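Written below as structure tokens is the structure these notes are about.
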Amino acid sequence: MNQLIGEFECKLDTKGRMVVPASLKRQLPEAEREGLVVNRGFEKNLVIYTREEWNKKMAQLAKLNQYNAKNRNFIRQFMRGATELSLDSAGRVLLPKGLLEYAGIQADVVLACQFDKIEVWSKAEYDAIMDADMGDDFAALAEDVMGGFDFGGMENE
């Protein structure tokens, strides 16, 4: 899969449908044929995967020892609410009501691409998180996360 890029502001209609932005849709050529999968994120957000990426996640989860209670609980939590999405003829996806409630999403949405997935946030929640994490703190975070990273022959930029 291509590495997804971009941040998109969208609106849900009254039925919970969202038009997938054209520039994002171009990055997801298999989505119309294979569909997408949405589930709960680790924060108060949703995560959309292509079917290919979802299958990779399922293969990883299948390797966990299910005799271990923490593993079973994680699998339950991760899978909770997972739903297949299909693009309709207008290029829209219907986001499940239960998942929208979990993420506190009502109408204004931000789609934030991160490598192989798309995070779906309430615009108000996303703005609050990004405002809190930006500024001088971003430089410190970059140093903490990437400062000692071994790029294996890649130039440090």
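The values are calculated or read from the model by the stated rules, or taken from the named source; none is laboratory data. Values in this document were obtained by computation on a predicted structure and should not be read as measured data. In this analysis, Cβ positions are derived from the backbone assuming ideal geometry, glycine residues included, and neighbour counts consider all displayed protein chains. The area values use the complete protein model at the heavy-atom level, side chains included, leaving out ligands, DNA and RNA. Shrake-Rupley method; radii C 1.70, N 1.55, O 1.52, S 1.80 Å.
With VAL93, VAL19 as the choices, which residue is of a type in the set (A, V, I, L, M) and closer than 18 Å to ILE5 by Cα?
Details: VAL93 fails: closer than 18 Å to ILE5 by Cα.
After ruling out the rest, the residue left standing is VAL19.
Does at least one position in the range 107-121 carry a residue that is over 15 Å from the mean Cα position of the chain (by Cα) and touching a residue at least 24 places away in the same chain (Cβ under 8 Å)?
Within the range 107-121, the subset over 15 Å from the mean Cα position of the chain (by Cα) is 107-108.
From what is left, the residues that are touching a residue at least 24 places away in the same chain (Cβ under 8 Å) are 107-108.
Yes, there is a match, as at least one residue in the range 107-121 is over 15 Å from the mean Cα position of the chain (by Cα) and touching a residue at least 24 places away in the same chain (Cβ under 8 Å).
Please specify each residue of the range 27-43 satisfying the condition of being among the hydrophobic types (A, V, I, L, M, F, W, C) and surrounded by 18 or more Cβ atoms within 10 Å (Cβ to Cβ).
Keep residues of the range 27-43 that are among the hydrophobic types (A, V, I, L, M, F, W, C), which gives 28, 31, 36-38, 42.
Those that are among the hydrophobic types (A, V, I, L, M, F, W, C) and surrounded by 18 or more Cβ atoms within 10 Å (Cβ to Cβ): LEU28, ALA31, LEU36, VAL37, VAL38.
Out of the range 70-81, which residues are open to solvent by 40 Å² or more (accessible area, probe 1.4 Å) and within 17 Å of the chain's Cα centre (by Cα)? Even if it seems obvious, please write down each step before you answer.
Residues of the range 70-81 open to solvent by 40 Å² or more (accessible area, probe 1.4 Å): 70, 72-74, 76-77, 79-80.
The answer is GLN77, MET79, ARG80.
Could you say whether any residue in the range 33-56 is at positive phi and in a loop (DSSP other than H, G, I, E, B)? Write out each step before concluding.
Looking only at the range 33-56, we keep the residues that are at positive phi, and these are 35.
Within this subset, residues satisfying the condition of being in a loop (DSSP other than H, G, I, E, B) are 35.
Yes, the range 33-56 contains at least one residue that is at positive phi and in a loop (DSSP other than H, G, I, E, B).
Looking at GLY41, GLY35, GLY6, GLY81, which one is in contact (Cβ under 8 Å) with a residue 60 or more places away in the chain and touching a helix residue (DSSP H, G or I) at 6+ places or on another chain (Cβ under 7 Å)? Let's see the steps before the verdict.
On the way: GLY41 fails: touching a helix residue (DSSP H, G or I) at 6+ places or on another chain (Cβ under 7 Å); GLY35 fails: in contact (Cβ under 8 Å) with a residue 60 or more places away in the chain; GLY81 fails: in contact (Cβ under 8 Å) with a residue 60 or more places away in the chain.
From the options GLY41, GLY35, GLY6, GLY81, the qualifying one is GLY6.
State all residues of the range 85-124 that are among the acidic types (Asp, Glu), open to solvent by 50 Å² or more (accessible area, probe 1.4 Å) and at pLDDT 95 or above; if no residue qualifies, say none. Don't jump to the end; show me each part of the working.
Taking the range 85-124 and keeping what is among the acidic types (Asp, Glu), we get 88, 101, 108, 116, 119.
Add one more test, that the residue is open to solvent by 50 Å² or more (accessible area, probe 1.4 Å), and what stays is 88, 101, 108.
Of everything in the range 85-124, those that are among the acidic types (Asp, Glu), open to solvent by 50 Å² or more (accessible area, probe 1.4 Å) and at pLDDT 95 or above turn out to be GLU101, ASP108.
Each row is one residue, and each column tells you yes or no for (1) open to solvent by 80 Å² or more (accessible area, probe 1.4 Å); (2) among the aromatic types (Phe, Trp, Tyr); (3) in contact with a helix residue (DSSP H, G or I) (Cβ under 8 Å, 6 or more places away or on another chain); (4) closer than 27 Å to ALA107 by Cβ.
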{"residue": "LYS11", "(1), (2), (3), (4)": "yes, no, no, yes"}
{"residue": "LYS25", "(1), (2), (3), (4)": "no, no, yes, yes"}
{"residue": "ASN45", "(1), (2), (3), (4)": "no, no, yes, yes"}
{"residue": "ARG51", "(1), (2), (3), (4)": "no, no, yes, no"}
{"residue": "GLN60", "(1), (2), (3), (4)": "yes, no, no, no"}
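Which of the residues spanning the range 63-78 are part of a helix (DSSP H, G or I) and in contact with a helix residue (DSSP H, G or I) (Cβ under 9 Å, 6 or more places away or on another chain)? Spell out how you get there, then give the answer.
To start, the set of residues in the range 63-78 that are part of a helix (DSSP H, G or I) comprises 69-78.
Residues satisfying the conditions are ASN71, PHE74, ILE75, PHE78.
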